[in-house]
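The values are calculated or read from the model by the stated rules, or taken from the named source; none is laboratory data. These numbers come from a predicted model, not from an experiment. Cβ atoms come from the backbone with ideal geometry, glycine included; neighbour counts cover every protein chain shown.
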Amino acid sequence: MYKEQIDMARLPQHIAFIMDGNGRWAQARGQQRSYGHFAGADTLEATLRCATKLGIPYVTFYAFSTENWSRPQDEVNTLLDLMLKHLEEKIFMENDVKFLLVGDIENLPQNLRDASERLMEKTKNNKAITMGVAFNYSSRWELAHAAKIIAKEVKEGKMKLEDITAETIDRHLATGIMPNPDLLIRTGGEQRLSNFQMWQLAYAELYFTDTYWPDFNDECLYKAIVDYQSRQRRFGKTGEQVTENK
Ligand code: FPP
């Protein structure tokens, strides 16, 4: 129903997802929270396929924050296992997906770090879509990390203090080569950023839905894109200026 309404010439180039509601989805079914994460991982795969088919060049999924380590140990283990299991080279190569781990990779368990680095290297020339997975990620960690690297470069004389611009910060973020998201979709009914890409989302359109992540399907994605295309993106200009420029 919504798919036909999408203007294929104005697709968002990068969609970011905060996949919320797995726990509540599972509990509503009398199941453990981990059951919701397994279902959520299936939704992630289906969403990636749908975005690839549409021709969206970049997607990012927020899978594990630097604060999620404080969840119950069995839930943390489930999320680590799920991530490891999904870093399957074969699937990425078959679908021509370029993988990017977005987050504090140095402080991941060694097996996950090795698998992520291997997969990034292996898939670096894939072209159909680039998928970022934010894992052991938070925006405040990322900005503090960028500040440390920049300060070190200034201290070592590799950069001048007065040369630091917004672009310098951009270059030192964990999202690296990815353009900033045009559209952020958060499922599960909450309306907040939860420490996710606060710098990169400066001009993103925000879309919130009550649908729990495991129930999010192709139709939900089409609906979000149609909603995105109904908005006027002004980037600080007036509505009239934007209309004139068109
Ligand atoms: C938020 O829901 C979701 C997460 C913290 C984890 C998201 C992870 C996945 C969807 C699976 C990841 C899969 C791969 C391949 C990396 P919540 O648990 O906070 O839900 P609640 O708000 O209902 O409690």
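Determine, yes or no, whether residue 102 is under 25 Å from residue 173 (Cα atoms), within 11 Å of the ligand (Cβ to nearest atom) and surrounded by 15 or more Cβ atoms within 10 Å (Cβ to Cβ). I'd like the intermediate steps shown before the answer.
Numbers: under 25 Å from residue 173 (Cα atoms): yes; within 11 Å of the ligand (Cβ to nearest atom): no; surrounded by 15 or more Cβ atoms within 10 Å (Cβ to Cβ): yes.
It is false that residue 102 is under 25 Å from residue 173 (Cα atoms), within 11 Å of the ligand (Cβ to nearest atom) and surrounded by 15 or more Cβ atoms within 10 Å (Cβ to Cβ).
Yes/no matrix, rows are residues, columns are (1) within 24 Å of residue 27 (Cα to Cα); (2) within 16 Å of the ligand (Cβ to nearest atom); (3) in a loop (DSSP other than H, G, I, E, B); (4) at pLDDT 95 or above:
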residue	(1), (2), (3), (4)
176	no, no, yes, no
192	yes, yes, yes, yes
196	no, yes, yes, yes
199	no, no, yes, yes
241	no, no, no, no
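Could you check, for the range 5-13, whether at least one of its residues is under 23 Å from residue 136 (Cα atoms) and either aliphatic (A, V, I, L, M) or at pLDDT 95 or above (or both)? Spell out how you get there, then give the answer.
To start, the set of residues in the range 5-13 that are under 23 Å from residue 136 (Cα atoms) comprises none.
The answer is no; no qualifying residue exists.
For the range 41-77, a residue qualifies if it is within 11 Å of the ligand (Cβ to nearest atom), crowded, with 18+ Cβ neighbours inside 10 Å and either modelled with pLDDT under 95 or of a type in the set (Phe, Trp, Tyr) (or both), and the qualifying residues are 61, 62, 64.
Search the range 2-40 for residues being surrounded by fewer than 22 Cβ atoms within 10 Å (Cβ to Cβ) and small (Gly, Ala, Ser), and hand back the single one that is nearest to the ligand (Cβ to nearest atom). Among them, the one singled out is 23. Only a single criterion out of (1) assigned to a helix (DSSP H, G or I); (2) more than 9 Å from the ligand (Cβ to nearest atom) is not satisfied by residue 85, namely (2).
When restricted to residues that are surrounded by fewer than 16 Cβ atoms within 10 Å (Cβ to Cβ) and among the β-branched types (Val, Ile, Thr), the range 170-199 contains 1. Cβ separations smaller than 8 Å between residues 6+ apart or across chains give the following pairs from the range 9-26 residues that are closer than 16 Å to residue 196 by Cα and acidic (Asp, Glu) to residues that are modelled with pLDDT of 95 or more and in a helix (DSSP H, G or I): 20/213.
Condition first: surrounded by 12 or more Cβ atoms within 10 Å (Cβ to Cβ) and within 29 Å of residue 11 (Cβ to Cβ). Can you find one or more residues in the range 154-163 that meet it? So far as the range 154-163 goes, no, none of its residues is surrounded by 12 or more Cβ atoms within 10 Å (Cβ to Cβ) and within 29 Å of residue 11 (Cβ to Cβ). Determine whether residue 78 is assigned to a helix (DSSP H, G or I) and either touching a residue at least 60 places away in the same chain (Cβ under 8 Å) or charged (D, E, K, R) (or both). No: the conditions fail for residue 78.
Here residue 94 clears all of (1) surrounded by 14 or more Cβ atoms within 10 Å (Cβ to Cβ); (2) away from the ligand (no atom under 15 Å from the Cβ) except the condition numbered (1).
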